[in-house]
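What follows is a set of notes on a single structure, which appears directly below.
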Amino acid sequence: MHNNILNELRTPVFLVNKLNNVVYLNAIGEEFFGYSGNLLIGKSIYNLIPKDSPISNLLTRVRKFKHGLTEDSLNLSNIKFPNRKVRAHIVPLSYDSNQIMIQLSELTVSEMFQSQRINTKISKSFSCMIDMLMHELKNPIAGIKGASQLIESDLNSDNNVKELTTLINVESDRIVSLLNRMEQINNNNVTTDFQFLNVHEILNHCKRVAQNSFGSNIKFIESFDPSLPDFFANKDLLIQILINILKNSCEASFNKGKIKIKTSFNSDKKILFSYDEIPSSLPLQLEVIDYGDGISKNLLPNIFDPFVSTKKKGKGLGLSIVASGLHDMGAVVDVSSSPGLTNVCINFPLKK
């Protein structure tokens, strides 16, 4: 009878005996693992999961302590399904203590994003905070240095000098703001001021920073929706996020070629952060598209985790800062990538 009940569950469920041999696998489990239950019954569980997997360790603990355990965001990758992350619920059966039930559920994109956002709270570590600060200071300093050099070589153009000196002032203020934010983090007293912002003005500023420093040879293509409502965000944080993304795109393009910056209103963009919430609408869409080498499929699901980087000398902090900052502003980011095209798509809620 219990087999009929378990077979109705919409998540993979299997039972193992005291020898860790599979004694039951429900229909969804067959689809999940890509094997027929008839081929697995009586076989070792390690035909389904590696012996050194986190689930195997959980199984050992459940047998030892005789009570159920649940773990989130466990890696259950194999050749057929690389980069698969699951939630595992493992409990001993009350009517047969020799048998243990293992229930799995594959994490949704939003749940994986939530896990990434939790991981980005790295500023509580002093050493990590210093790394983050130094990483972030390099971007505005690069913009200041590039603008200063151009001023020296272009003193005869009054308009250009005025634009570049304005850029220097804005980026200098941003350094001060970053230092203040680091001080707040150290004192556990972080406050973030939000205001309604014209995202196109922010994008133009970030583009000028890029053109005067790390993206001097990039052709930036704009595709802006002029009717787009203002974004409710923190100005310095939004600049910080966009410069990080633009810098990554420029480096992926080897500071040559082109990068497209696009804004649009996407009324279909909704996301569910948990099973008991109403889907949130995030229609204000911003995209940065580069045509570089792309991100490998193995690395793509983890690029927002701290210390994950595609660069030889990268610290893996830039995109974790992006994820954390977007979380603070109620926004989400999706990245799609293939050789020759990477699209970083950010969606913000519409505030009135």
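The values are calculated or read from the model by the stated rules, or taken from the named source; none is laboratory data. Model, not experiment: these values are computed from the prediction. Ideal geometry is used to build each Cβ from the backbone, glycine not excepted, and the neighbour counts take in all protein chains shown.
Points worth noting:
- Counted residues, segment 6-57 - those being of a type in the set (A, V, I, L, M, F, W, C) and assigned to a loop (DSSP other than H, G, I, E, B): 5
- Taken over segment 9-62, the residue count meeting the criterion of being under 19 Å from H89 (Cβ atoms), touching a residue at least 12 places away in the same chain (Cβ under 8 Å) and surrounded by 14 or more Cβ atoms within 10 Å (Cβ to Cβ) is 28.
- Restricting S249, S227, S253 to residues that are of a type in the set (S, T, Y), more than 24 Å from the chain's Cα centre (by Cα) and more than 24 Å from I151 (Cβ to Cβ) narrows the list to S227.
- Of the residues examined, T108 is one that is surrounded by fewer than 16 Cβ atoms within 10 Å (Cβ to Cβ), modelled with pLDDT under 80, under 30 Å from S324 (Cβ atoms) and of a type in the set (S, T, Y).
- Only listed residue being in contact with a helix residue (DSSP H, G or I) (Cβ under 6 Å, 6 or more places away or on another chain) and either at pLDDT 90 or above or within 16 Å of L350 (Cα to Cα) (or both), chosen from D305, D290, D225: D290
- With a requirement of 2 or more residues that are over 24 Å from S320 (Cβ atoms), the strands (runs of 3 or more DSSP E) lying completely within segment 213-292 that satisfy it span 219-223, 258-265.
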